[in-house]
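> Here it is: the structure, laid out below.
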Amino acid sequence: MILIKSPQEIEAMRRAGAVVGRFFEEVKPLIRPGTATWALEEFADRFIQRWGVKSAFKGYMGYPAHLCTSLNEEVVHGIPSKERIAREGDILSIDFGVALDGYYGDAAKTFAVGTVDPASLRLMEATERSLYAGIEAARPGNRLGDISEAVQSVVEGAGFSVVRDFVGHGIGRSMHEEPQVPNFGTRGTGPRLHPGMTLAIEPMVNAGGWAVKVLKDGWTVVTRDSGWSAHFEHTVAITENGFRILSLP
Ligand code: MF3
Ligand code: CO
């Protein structure tokens, strides 16, 4: 069942999402050559205390950190570490979520570390563009498959591939609710979208093939072909006249 949120609940999700959006603004200047992903985790820990919010990820299925920090060929769920240093030319995907007053916000963004090569820039740009194409399709009367196809067609049109093994999700009083939101699919299929539905749309896009595997740490997802990967995510509400992005500062 896809839960419909009241306008008051969407306001609460907007407050949680605004904190997440603020985090991405504040973390950006810390992402420089030489930054250990652990330093970003420490910043997230202080940020969470400062805002009085609950970490969405730490403790979720035993996940050990507030952030997912995924470098280069890491797709998602990279664990912050003192040993993982961002180097000039790397791309770093950061995923962060919080709960505030019982409602969740979840977002992700891939950052360039210093100056990156044009192919990586194109990968990041296409992934972000595919997220916005998906968001544009998140309107009442449309179907879930309209979002999925919109994302997929931007990604594949740019010559990249969509990860199949991980998907977006409904979000609200839990971080993960129904429905799953795949980044691949067919328009005109799937459940009808209605005002009050709230979705985390999150394309994970590989420069090479879509196949991924999980490392022995049980979390870090990497591409099978070692090509680089990007990830952008927003929490979005379907409204009477379209959509509203909830995870902006
Ligand atoms: N955005 C991711 C998700 O929707 C973040 C979860 S990471 C986890 O699943 F570690 F908490 F699982
Ligand atoms: Co998510």
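The values are calculated or read from the model by the stated rules, or taken from the named source; none is laboratory data. Just so you know, these numbers come straight off a predicted model, no measurement behind them. Cβ atoms come from the backbone with ideal geometry, glycine included; neighbour counts cover every protein chain shown.
> Give region 28-46 a look and list any residue that's buried (at least 19 other Cβ atoms within 10 Å of the Cβ) and within 19 Å of the chain's Cα centre (by Cα), or say none.
Within region 28-46, Ile31, Thr37, Leu40, Glu41, Ala44 meet the criteria.
> Determine whether Ser247 is assigned to a loop (DSSP other than H, G, I, E, B) and buried (at least 24 other Cβ atoms within 10 Å of the Cβ). I'd like the intermediate steps shown before the answer.
Working: assigned to a loop (DSSP other than H, G, I, E, B): yes; buried (at least 24 other Cβ atoms within 10 Å of the Cβ): yes.
Taking the combined requirement at face value, the residue satisfies it.
> Going through region 173-196 one residue at a time, which ones are of a type outside the set (Ser, Thr, Tyr) and within 16 Å of ligand 1 (Cβ to nearest atom)? Talk me through it step by step, then tell me what you get.
To start, the set of residues in region 173-196 that are of a type outside the set (Ser, Thr, Tyr) comprises 173, 175-185, 187-188, 190-196.
Within region 173-196, Arg173, Met175, His176, Glu177, Glu178, Pro179, Gln180, Val181, Pro182, Asn183 meet the criteria.
> Here is a follow-up. Given the residues Ile79, Ile91, which is the only one that is over 15 Å from Val20 (Cα atoms) and either of a type in the set (D, E, K, R) or more than 9 Å from ligand 1 (Cβ to nearest atom) (or both)?
Working: Ile79 fails: either of a type in the set (D, E, K, R) or more than 9 Å from ligand 1 (Cβ to nearest atom) (or both).
Matching residue, one of Ile79, Ile91: Ile91.
> Further question on the same structure: Can you name the residue in region 104-129 that is within 16 Å of ligand 1 (Cβ to nearest atom) and assigned to a helix (DSSP H, G or I) and is also surrounded by the most Cβ atoms within 10 Å (Cβ to Cβ) among such residues?
Filtering first and then ranking leaves Thr127.
> Next question. With the condition kept exactly as written, say whether any residue in region 67-83 is aliphatic (A, V, I, L, M), within 16 Å of Ser229 (Cα to Cα) and either within 14 Å of ligand 2 (Cβ to nearest atom) or at pLDDT below 95 (or both).
yes
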